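Chemist: Below: one structure in structure tokens.
The values are calculated or read from the model by the stated rules, or taken from the named source; none is laboratory data. It should be emphasised that the depicted structure is a prediction, and the values quoted were computed from it without experimental measurement. Note that each Cβ is placed from the backbone with ideal geometry, even for glycine, and that neighbours are counted across all protein chains shown. Accessible surface is based on the protein model in full, side chains and every heavy atom, while ligands, DNA and RNA are left aside. Shrake-Rupley method; radii C 1.70, N 1.55, O 1.52, S 1.80 Å.
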Amino acid sequence: MDDELLELQRQFEFAQQAKSSIRLSERNVVELVQKLQQLQIIDFELLHTVSGKEYITLDQLRNEMVSEVKKIGRVSLIDLADATGVDLYYVEKQAQSVVTEHRELMLTQGEIMSESYWDSIAEEINERLQECSQIALTELAAQLNVGLDLVSTMLEPRLGTIVKGRLEGGQLYTPAYVARVGAMVRGAVRGITVPTNLTVVWSSLQQLLQEIDGTSGLAVEGSFFQSLFNGLVKEGKILGLLRAGVHWTPAVFAVAQREFVDSFFSQNSFITYEALHKLGIPQPIQFLQSRYPEGKPLVSTFVHPSMIEMLDASTEDALDRGSWSDSLSLLPSSFTPQDASKMLSLCQSVQNALKSNKAHIFGDFYVLSSSFIKDICDRVVKELETLGVSGCADSTMHADVQVPNEAKVGHESGRLNEMVSDGGANRHADKGSKKKKGKATGNAVANLSESGADNQEQTLTKSKRGQKRGKDASSQTSDSKTGSKKESLKVKEDNPSPSEDWIMQKITALVSDFEEQGIDDPETILRPLANQLRPTIISSWMEKKKALLTNNAERMKRLLDNLQKKLDESFLNMQLYEKALELFEDDQSTSVVLHRHLLRTVAAPMVDMLLQNLDEHNKLKNGHEVQEAPNSESVSLSPGDRTAICKSFPGALANKALAVVEALEGKSVEIFMAAFRMVTEESGLPLKKLDKKLERTLLHSYRKELTSQVSAETDPVSLLPKVVSLLYIQVYHKALQAPGRAISVAISHLKDKLGESACKILTDYQTATVTLLTLLAASPGDVSSY
């Protein structure tokens, strides 16, 4: 057998060395190979080399690639393309097949590596690690020119075998170094007695290691410390609770927590959630309920049932006494209003009182008994009723203020010159001798003018006034009912109901306990209490006002009727006196004196009467209780009092009344008369106009009255103005009201109308009167001259 093989070898060698007699060109060979492929004699793929002079099969290419990798251990695909002489495209295409067939090889980042290569690399890393104690994977990846993940993946299965070390946080450490750092971690954690963030501890350890190792040492990552810490916790070498991975609560602190909570709760019967948060207990309610099942959780505090019983007993006592209780003031200062409200909901007696409507809770923690609230309501209603008659009180005060003014006017009118200057108006003094309560002569004249025709005109005027007030003039009964209904409908508009703020002020003033307790926040108890009491107070107040309006309706009607009658009398006299002023229009200075005298003596009392009656009517209309004056005489008002009364009137009436007061202080009777008519029309009190017939009637009565006064007069000074007035009626048919300063001018106007003897007698009498007054002025007393 061996001989045959040797023979075959010799023949094969001879055939190879023998020179062929037929030589084929490269072109012929290429064509021959193509022909064989067409005939499928060569049924496998052939690859051209880069030189184009050789063919290579895929199996041969893979074999050469494997051989090259095993020889070197790590070869890039580019280097394999150069070594095999095949284009890079085919090398890349066959690389995956090579790696799949040979599991000891791996393809990554354009390189094929073998396991033996990584074994050798691991041995080199281990040698270096034992020298340095720690190596960073980033440094190894940079040296090997591979990715960090690849280095980590290749080293992990070789740790503990080829590489004697530990991989943590991208660092390789020797077992000795790990034990050293583990001891540091164990000592640092065991030294912690309060909840601590472990990242702070790891930072301190990193600084310590840098100080120990110097600049040559590498920085240790916090994850390495954390890994060692987790191992110590699992082994039970350190005791405590770890939350969220970094919040460490040592067991010694948990024991101190429980001891503090037990001590505080047993001594005070409560503990706040904030205190537990400060102790590091994240869920205080669950913690307390697990330790004290009998306790009650509130909004911000956990309490023992004994504290609820204490509050229940105190509140029950206050309710039994018909008083009130501030629950928050009975509790420690750390309790909030919500805590007090929650505790009240747990008090059995309070809940029973609420269900039986014997108590009410305001502002979360104020408990008021129903009897206490009723007492407050009754006192506020009584206060409101007292204020309801303030209109009457104001009127009385107003009259009291005016008494000195009236006395002063009486004192000044007692002076001799004023007695003479009053002229016809001094009929007050003449009538006073016959009647204790004298009236102006003009009023007496107006009374005499109540003839049949005048009564008919007055009836017509009242009808017009009634139409202006929207009443039915045909029926007095219907008139009264309609007026009463309208007044009732306007009560709320004219007199607004008491507001919450007003009621709050009254409650504070009436209940001194609120002020003593320092309750200054209106939103806690005062406003809710006022809001609850307000409907009852308003109801009582409206019933009172309704009763007053009903009682005042007839009185208002009577007041207006009397006022209308008085105004008609006074205004007719005013018109009568006004006509005499036309005689002195050429003498401006005398005209001003006469105008002012008429405004002061006749117009002022008429205005005061109107304002006082309208003020009383306004108060009655608004539901005020106004006492009737014992006498019907009006009080003289000062300009300031008139203005104050005018401003109290509603709307346009106030403006028109102020215009009358302003005209009263002026110099023109005509302006005053126009303003006075506007006020009376606005008030629904139209005035009569002086016609010829009525003027003759009034003049006749006035003349008759003056004649009787002159006949009975014994005072020579007072006689002169009355004689002059009587002469003016006879000569000019005018009723003159002249002051003492205008008597001489008035006499001069009579010279052309009287005979020389009569004129001389009158002039001599006037001269004698002046002489008499001069002598009287020299004697003690307040006497003025003409």
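Chemist: Assess whether residue 151 counts as being in a helix (DSSP H, G or I), over 16 Å from residue 225 (Cα atoms) and in contact (Cβ under 8 Å) with a residue 12 or more places away in the chain.
Modeler: Yes.
Chemist: A further question on this structure: Residues to consider are 562, 531; find the one that is farther than 26 Å from residue 607 by Cα, at pLDDT 80 or above and surrounded by fewer than 17 Cβ atoms within 10 Å (Cβ to Cβ). Spell out the reasoning first.
Modeler: Working: 562 fails: farther than 26 Å from residue 607 by Cα.
Testing whether each residue is farther than 26 Å from residue 607 by Cα, at pLDDT 80 or above and surrounded by fewer than 17 Cβ atoms within 10 Å (Cβ to Cβ) leaves just 531.
Chemist: Does any residue in the stretch 51-78 that is of a type in the set (Gly, Ala, Ser) come within less than 8 Å, Cβ to Cβ, of a residue that is part of a loop (DSSP other than H, G, I, E, B) and crowded, with 16+ Cβ neighbours inside 10 Å six or more places away or on a different chain, and which pairs are these?
Modeler: As it stands, the answer is 51/85, since those pairs meet every condition given.
Chemist: Can you tell me how many residues within the stretch 657-681 are surrounded by fewer than 17 Cβ atoms within 10 Å (Cβ to Cβ) and hydroxyl-bearing (Ser, Thr, Tyr)?
Modeler: The total comes to 1.
Chemist: For the stretch 119-129, does any single residue satisfy the condition of being among the hydrophobic types (A, V, I, L, M, F, W, C) and either part of a strand (DSSP E or B) or closer than 17 Å to residue 70 by Cα (or both)?
Modeler: The answer is yes, given that some residue of the stretch 119-129 is among the hydrophobic types (A, V, I, L, M, F, W, C) and either part of a strand (DSSP E or B) or closer than 17 Å to residue 70 by Cα (or both).
Chemist: Can residue 337 be described as at pLDDT 90 or above, over 16 Å from residue 313 (Cβ atoms) and not aliphatic (A, V, I, L, M)? Full working, then the answer.
Modeler: Working: at pLDDT 90 or above: no; over 16 Å from residue 313 (Cβ atoms): yes; not aliphatic (A, V, I, L, M): yes.
Considered against the rule, which asks whether it is at pLDDT 90 or above, over 16 Å from residue 313 (Cβ atoms) and not aliphatic (A, V, I, L, M), residue 337 comes out as no.
Chemist: Taking the options 76, 67, name whichever one is in contact with a Gly (Cβ under 7 Å, 6 or more places away or on another chain) and not assigned by the TED database to the domain that holds residue 114.
Modeler: 76
Chemist: For residue 233, only one of the following conditions fails: (1) open to solvent by 60 Å² or more (accessible area, probe 1.4 Å); (2) of a type outside the set (Asp, Glu); (3) free of Cβ contacts under 8 Å to residues at least 12 places away in the same chain. What is its number?
Modeler: Residue 233 satisfies every listed condition except (1).
Chemist: Hey, can you tell me all the residues within the stretch 188-208 that are of a type in the set (Gly, Ala, Ser) and either within 18 Å of residue 253 (Cβ to Cβ) or touching a residue at least 60 places away in the same chain (Cβ under 8 Å) (or both)? Steps first, answer last, please.
Modeler: If we filter the stretch 188-208 for residues that are of a type in the set (Gly, Ala, Ser), which is where we start, we get 188, 191, 203-204.
188, 191 - these are the residues of the stretch 188-208 that are of a type in the set (Gly, Ala, Ser) and either within 18 Å of residue 253 (Cβ to Cβ) or touching a residue at least 60 places away in the same chain (Cβ under 8 Å) (or both).
Chemist: Does the stretch 89-96 contain any residue that is touching an Asp or Glu at 6+ places or on another chain (Cβ under 9 Å) and more than 30 Å from residue 164 (Cβ to Cβ)? If you could, list the steps in order and put the result at the bottom.
Modeler: In the first step, residues of the stretch 89-96 are kept if they are touching an Asp or Glu at 6+ places or on another chain (Cβ under 9 Å); the result is none.
Looking through the stretch 89-96, none of the residues is touching an Asp or Glu at 6+ places or on another chain (Cβ under 9 Å) and more than 30 Å from residue 164 (Cβ to Cβ).
Chemist: Quick one: residue 112 ticks every box in (1) closer than 18 Å to residue 50 by Cα; (2) assigned to a strand (DSSP E or B) except a single one, so which number is it?
Modeler: Against the list (1) closer than 18 Å to residue 50 by Cα; (2) assigned to a strand (DSSP E or B), residue 112 comes up short only on (1).
Chemist: Okay, moving on. Can residue 161 be described as open to solvent by 20 Å² or more (accessible area, probe 1.4 Å), in a loop (DSSP other than H, G, I, E, B) and under 21 Å from residue 116 (Cα atoms)? Before you say what the answer is, go through the steps one by one.
Modeler: On the way: open to solvent by 20 Å² or more (accessible area, probe 1.4 Å): yes; in a loop (DSSP other than H, G, I, E, B): yes; under 21 Å from residue 116 (Cα atoms): yes.
Here the answer is yes, as residue 161 does meet what is asked.
Chemist: Next question. Restrict the check to the stretch 181-191 and report whether at least one residue is closer than 29 Å to residue 120 by Cβ, open to solvent by less than 50 Å² (accessible area, probe 1.4 Å) and not aliphatic (A, V, I, L, M).
Modeler: no
Chemist: Would you list the helices (runs of 4 or more DSSP H) that sit entirely within the stretch 682-786 and hold 2 or more residues that are without any contact (Cβ under 8 Å) to a residue 24 or more places away in the chain and surrounded by fewer than 18 Cβ atoms within 10 Å (Cβ to Cβ)?
Modeler: Values: elements: 692-712, 716-732, 743-748, 756-778.
It comes to 692-712, 716-732, 756-778.
Chemist: If you check every pair at least six apart or on different chains, which have Cβ atoms under 9 Å apart with a residue in the stretch 495-517 that is farther than 11 Å from residue 533 by Cβ and open to solvent by less than 80 Å² (accessible area, probe 1.4 Å) first and a residue that is modelled with pLDDT of 75 or more and of a type in the set (Ser, Thr, Tyr) second?
Modeler: Going by the 9 Å Cβ cut-off, the qualifying pairs are 513/323; 514/508.
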